[in-house]
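Scroll down for the structure; my scribbles are underneath it.
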Amino acid sequence: MKKLITLSILFFGCLTQAQTKALTDDGKEVVLFDNGTWKFVNDSDTKTLETITTNENIFTKDKNATFLFRSKKIDAGIYINPKVWKNTNAFKSPTIEYAFINNLSNNIFGIFATENVEISSLKNLKDILVSSTQSRADYYRLKESEYRTVNGLKVLYLWYVVNTKGLDFEYVTYSYLTNNGYCAITGYTFAKNFEESKPQLMDLLNGLVETQKAEVKETVEVYQSPPPPMQNKKKD
């Protein structure tokens, strides 16, 4: 199960210098920021942490999301709008199959991550992701947790805020279980830009679809001996 936890920490790898943590008199952990302010490390509402509501709306992909990226591991993929999103190799890892940067803003990102790990339920997946993110972030707050129907698929939607190394980020995630693993599509940006960026992030997440996994073609290199060196003919 430890392998699965890598999904939650992939988005913090480029940051440096940790914040200071302390305990209050009643034993609650807080994080101290450089500007003199502080927050509880885990500031989520208890009800939000423990329950998952159900959103009765039906979510479908944007009509302009026409380019399909298929997973090579599981039967899932994501449609993107190529005018809004571009694929990037900046976040390569064994878990991340595809990463995207918004063409309109370099501060808006998306990640399509998969693993061939057996998870019993979306509720179980939520517990794993929340606890692992909490343990690695300086500050964590889960704002919303609900089941949604996206392009005919039952998915888990999480919306949360993280402060790590002094920077505030806001995330939205769809997680989906298949017979041979799970996938998670995550969109994120700096917290100050989230409200204006949320429609584009949700358009990205709503591109999640069930599809046959892509065929992995092995490339076989055939070695050929170099030709013999040319020899100059001697003149008679």
Exercise. According to the square roots a ≥ b ≥ c of the eigenvalues of the Cα gyration tensor, what is the shape class of the range 113-205, taking rounded for a/c under 1.5, prolate for a/b larger than b/c otherwise, and oblate for the remainder?
Worked result: oblate
Exercise. Counting pairs of alpha carbon atoms under 8 Å apart in space and at least six apart in sequence, what relative contact order in percent does the range 70-215 give?
Worked result: 30
For this session: Find how much the distance from N107 to L49 grows on full extension, using 0.36 nm per residue of separation minus their present alpha carbon separation; answer in nm with one decimal.
Result: 18.1 nm
Problem set entry | Cα centre as origin, Lys/Arg/Asp/Glu Cβ charges: the range 84-176 dipole, Debye | 80
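What FRET efficiency comes out for E215 versus T20 if R0 is 41 angstrom and r is the Cβ-Cβ distance? Round to the nearest 0.05.
The computed FRET efficiency comes out at 0.25.
Each reported figure results from applying straightforward, stated rules to the coordinates on display, with no laboratory input. Everything numeric in this text was worked out from a predicted model, so none of it was measured. No Cβ is skipped: glycine too gets one built from the backbone with ideal geometry, and neighbour counts run over all protein chains shown.
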